[in-house]
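Working notes, beginning with the structure itself.
The values are calculated or read from the model by the stated rules, or taken from the named source; none is laboratory data. Because the structure is a prediction, the values reported are computed rather than measured. Every residue, glycine as well, gets a Cβ built from its backbone with ideal geometry; the counts of neighbours run over all protein chains shown.
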């Protein structure tokens with residue numbers, strides 16, 4: 001056991017070592033920060049309502065055709081997004097499921113063959129007659145002309161013998177006449193056939209061929225559009241919350257495949273009593289607290305006011321929209337979370353407003369770093385002041401705490417300074433005073 005005087009000696013030595021270490025540490029250097037004064041302004045008092053986080057979009061994606069699911073690309077909780085389309089005209093949704101397409105693919109190939117047939121038929125008509133066909137009809141026309149001239153000469157001789165010398169019978173004369181007429185008609189027919197070959201197909205037949213080609217082309221497009229429906233896609237970016245089918249399942253037209261929700265932006269549903277609705281304006285800034293994230297503050301806007309009250313509770317639904325921060329594992333806010341929304345719908349009061357950038361979040365309560373003057377050392381320091389948040393008004397937000405109007409708070413550098421640390425305050429650039437929110441203006445007074 002150590003002697004008491006030795007214990008006291010060790011304690012004294014420890015104190016001396018601590019003092020020496022404190023003297024050895026360099027003095028804390030002042031940090032340069034940007035400060036701005038707290039504003040005292042008349043605003044409508046805020047009132048807090050409880051709401052629930054809901055998706056901005058929700059859709060049950062169904063099948064547009066009958067078919068069997070051969071591949072399922074997503075599962076519950078998977079994110080889905082819009083992807084670049086093959087034609088690069090507009091983005092298309094990520095595939096959710098693929099149905100069997102063998103039958104419709106066969107129909108498409110058959111229709112493409114039909115379209116090619118019609119295309120070649122039209123090309124043949126537009127090309128006109130071949131030189132060989134023209135030469136053939138021209139030769140036929142020459143042959144019939146020669147036969148016609150021979151028949152006419154024979155008729156002339158037979159007629160002279162019949163009328164003058166009576167050496168030709170009436171039957172011979174009529175036979176020569178008939179042969180001459182037949183030869184003449186054959187020549188007319190050959191001439192007409194040659195003219196038709198030279199003229200080519202009729203305009204109406206060409207237009208009919210064009211129409212048959214167009215019909216075949218549209219049929220191919222119809223079948224390709226039908227085949228595209230066998231790939232079931234999302235219509236917007238979001239997350240899969242319900243999967244209704246598995247691989248191998250048969251789905252009919254209209255059957256659900258997956259339920260998709262959009263979480264950015266996110267919405268908050270709150271219900272307000274009838275007396276509060278006249279003070280709410282579209283686009284008004286709203287301070288939002290999420291119970292799951294007590295150390296974070298969100299700012300949203302009034303997106304919609306549903307003009308239909310619940311007949312039993314006499315409350316009106318109000319939709320608050322806000323951006324949903326994205327983390328490594330997905331968006332921060334999830335559908336179904338509990339939210340508390342502060343709306344400026346109360347009587348007008350004097351409130352202290354600070355820039356939102358002056359808030360230091362991440363602790364059990366929001367904090368602002370207030371500037372204080374150390375008279376003994378003739379320097380400026382900072383002290384953390386816990387605050388409660390009220391209504392938001394543009395880039396400013398109401399704070400309730402141990403603060404006073406005109407007192408300066410740190411807006412840039414507030415997250416890197418420590419309590420009691422000396423600072424070099426630099427005044428922020430002057431800004432024009434922001435107009436009051438629609439919910440806190442003259443309309444709110446009425």
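Can you tell me which residue among 180, 135, 192 is more than 30 Å from residue 122 (Cβ to Cβ) and at pLDDT 85 or above?
Details: 135 fails: more than 30 Å from residue 122 (Cβ to Cβ); 192 fails: more than 30 Å from residue 122 (Cβ to Cβ).
Just one listed residue meets the conditions, 180.
Among the listed residues 33, 69, 65, which satisfies the condition of being at pLDDT 85 or above, under 30 Å from residue 352 (Cα atoms) and surrounded by 11 or more Cβ atoms within 10 Å (Cβ to Cβ)?
Values: 69 fails: under 30 Å from residue 352 (Cα atoms); 65 fails: under 30 Å from residue 352 (Cα atoms).
Testing whether each residue is at pLDDT 85 or above, under 30 Å from residue 352 (Cα atoms) and surrounded by 11 or more Cβ atoms within 10 Å (Cβ to Cβ) leaves just 33.
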Looking only at region 286-306, decide whether some residue is surrounded by fewer than 16 Cβ atoms within 10 Å (Cβ to Cβ), modelled with pLDDT of 90 or more and under 25 Å from residue 412 (Cβ atoms).
no
Show the residue pairs meeting these rules: Cβ distance below 9 Å; 6+ apart or different chains; first residue within region 312-325 and in contact (Cβ under 8 Å) with a residue 60 or more places away in the chain and at positive phi; second residue in a loop (DSSP other than H, G, I, E, B) and surrounded by 21 or more Cβ atoms within 10 Å (Cβ to Cβ).
none
Listed residues 222, 212; which is surrounded by 16 or more Cβ atoms within 10 Å (Cβ to Cβ) and assigned to a helix (DSSP H, G or I)?
212
Checking the conditions here, which among 399, 409 is at pLDDT 85 or above, surrounded by 14 or more Cβ atoms within 10 Å (Cβ to Cβ), more than 21 Å from residue 266 (Cα to Cα) and touching a helix residue (DSSP H, G or I) at 6+ places or on another chain (Cβ under 8 Å)?
409
Check on residue 206, in contact (Cβ under 8 Å) with a residue 24 or more places away in the chain and either surrounded by fewer than 16 Cβ atoms within 10 Å (Cβ to Cβ) or in contact with a strand residue (DSSP E or B) (Cβ under 6 Å, 6 or more places away or on another chain) (or both):
yes
Can you tell me which of (1) more than 30 Å from residue 63 (Cα to Cα); (2) assigned by TED's automatic domain parsing to the domain that holds residue 332; (3) surrounded by 17 or more Cβ atoms within 10 Å (Cβ to Cβ) is the one residue 269 doesn't meet?
(3)
Might you let me know whether region 111-125 holds any residue that is more than 30 Å from residue 218 (Cβ to Cβ), assigned by TED's automatic domain parsing to the domain that holds residue 208, part of a helix (DSSP H, G or I) and at pLDDT below 90?
no
